[in-house]
Amino acid sequence: MVDFNYKKHGNGINKLIFFHGFGEDQTTFDESIQVIQKELRDTTCYSIDIYYHGNSQRENEKLKFEEWEKSFRAFLDKESIQSFMLLGFSLGGRFALATAYIFPTHTSGVFLIAPDGVFRSPWYRLANSLPGNLLFRYLMNHPPAFDGMVNIFKKTGIISKPLVRFVEAALHAPQQRKQVYQTWTYFYPLQLKPRAIAACFNQHEIPVHVILGKQDKIIPPKKVLPKLSSIKDLRSVIVNARHHQMITESTPYVISVLKNQNL
């Protein structure tokens, strides 16, 4: 039984599976998918609601590789999918990488758009340590304490102004704070080491296209590219875009790759 929500677009022979970013859902890709299918009628697109987003819910517990393998395999069986390409944006990059790692013989290519899951920030590591996670949960459940911490960040410059603005916008509501706690805590087991990613992709000759934003302060290119440099079939593109513009700005490149069958 498939335990996550998804939407199927089209009925072409080629399969492209989308994973969205934090705070979004599968509709995030609607416009991009319309453009892709206008150009490539032989491509079926599947846009998935990541757990704790859209209509995909699960228990508040860590998502292990074995559990994701079982869930995704049920999806592949239901849709009779033998081979597929993956596209992950931001948080979705973590799921794209984990899925390719689990199903390398079924994965014919991966698009990583400003991907999470490639490097671990000090904040992410702290939030998943035992004392750090207790503090993280407290801050997410106590808005005044969280706001006080953000004000300290503003005054001291510990994190950049664009990142502070992103945090304020993304975490101003209780449901959003709950969501970030769930995703940071329960998706932590899906974090792969760059060496493991490269070894798997090189062994199975999986081409990887990483698309990054020149103006992206959330997932900056300088943090991502060095971590992926060991992948033999790696093609990187830098577009002049901020984080929230990345899907739109990346779509022409995705179409050009699919048209030219570079995967």
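The residues listed here are Gly132, Gly117; of these, the one that is at pLDDT below 95 and surrounded by fewer than 18 Cβ atoms within 10 Å (Cβ to Cβ) is Gly132.
Of all residues in segment 37-70, those that are closer than 16 Å to Arg94 by Cα and touching a residue at least 40 places away in the same chain (Cβ under 8 Å) total 12. When each of Gly21, Gly54, Gly12 is tested for being in contact with a strand residue (DSSP E or B) (Cβ under 6 Å, 6 or more places away or on another chain) and closer than 21 Å to Lys178 by Cβ, the lone residue that passes is Gly21.
The residues listed here are Ser90, Ser71, Ser83, Ser108; of these, the one that is of a type in the set (Ser, Thr, Tyr) and buried (at least 24 other Cβ atoms within 10 Å of the Cβ) is Ser90. List the number of the failed condition for Phe22; all other conditions in (1) among the hydrophobic types (A, V, I, L, M, F, W, C); (2) loosely packed, with under 14 Cβ neighbours inside 10 Å; (3) at pLDDT below 95 hold. The one condition Phe22 does not meet is (2). A count restricted to segment 225-258 and to residues that are assigned to a helix (DSSP H, G or I) and either of a type in the set (A, V, I, L, M) or under 14 Å from Pro115 (Cβ atoms) (or both) stands at 12.
The values are calculated or read from the model by the stated rules, or taken from the named source; none is laboratory data. Being a predicted model, the structure only gives us computed values, none of them experimental. Positions of Cβ are generated from backbone atoms using ideal geometry, with glycine treated the same way; all protein chains shown enter the neighbour counts.
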